[in-house]
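The structure under discussion appears below in the form of structure tokens.
The values are calculated or read from the model by the stated rules, or taken from the named source; none is laboratory data. In this text, all values refer to a predicted model and were calculated from it rather than measured experimentally. Glycine gets a Cβ as well: all are built from the backbone with ideal geometry, and neighbour counts include every protein chain shown. Ligands, DNA and RNA are excluded from the accessible area calculation, which covers all protein heavy atoms including side chains. Shrake-Rupley method; radii C 1.70, N 1.55, O 1.52, S 1.80 Å.
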Amino acid sequence: AIQGQLEVVGAQRVVVTGLLLGIFNGSFHFSSPGDVATLYVHDGARVQPMHSHGGNYPATGLPALREANGTLYDLLEWPLVHLDQSIWTLRFPAFVAGALAVPAVYWAGTRLVGRPAALLGALLLAVNPLAVAYSQLARPYVFALFLGVVSYGCLARAFDDGRWWVGYVLAIVLTGYS
């Protein structure tokens, strides 16, 4: 029982570490072209472009500032942008998905590889510079990470309990829309 409590405390510390790295990393002060593009897509009439490539992207023919995020990210971002157009608001959905990915790795890992390895995996994700950086962009990359991990966890549980197939299919569909 004590070892189980220590693992829970360890998992909580890993999640808090990941959150603190995401909040205090310092890159929330800068607007990336992706942040501006996301704001432009949601509220183009009121946004003055800060960065422009000019013209259209050759591969898609879309205007340079109208980079499309996935449908899921757009649905989560749209109401937030109409409340506030700060960098924090733009990046908030990605931050939440990145923060949720850490306990999701632990949750999926406990079923797939056991608790000690799951805790190590969650810790490694929490301190991974690339994962922290992607959690600070107004882009849907970490949604694919989070939902992919959730789908693996659901799949591992679905073979023992058929109700998890619904979670697996939902996670896969949402990953496609991210």
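A few notes on this one:
- Largest-first ordering by accessible area, 1.4 Å probe, given options L119, L76: L76, L119
- From phi via Karplus (6.51, -1.76, 1.60), per-residue ³J(HN,Hα) for the stretch 125-130 in Hz, x at Gly/Pro: 5, 4, 9, 5, x, 5
- Close amide-amide hydrogen proximity is noted between S86 and no other residue 5 or more places distant or on a separate chain, at a cut-off under 5 Å (H modeled in the peptide plane; Pro and chain starts excluded).
- Residue-normalised accessible area of the stretch 94-178, given per residue in Å² at a 1.4 Å probe: 50 Å²
- Applied to the stretch 154-161, the Karplus parametrisation 6.51 cos²θ - 1.76 cosθ + 1.60 on θ = phi - 60° returns per-residue 3J(HN,Hα) values of 5, 4, 4, 8, 5, 6, 9, 9 Hz, with x for Gly and Pro.
- Chymotrypsin sites (Phe, Trp or Tyr not before Pro) lying in DSSP loop within the stretch 97-178, provided at most 10 other Cβ fall within 10 Å: F159
- In the stretch 89-178, the trypsin sites (Lys or Arg not before Pro) that fall in loop regions by DSSP, at most 15 other Cβ within 10 Å: R163
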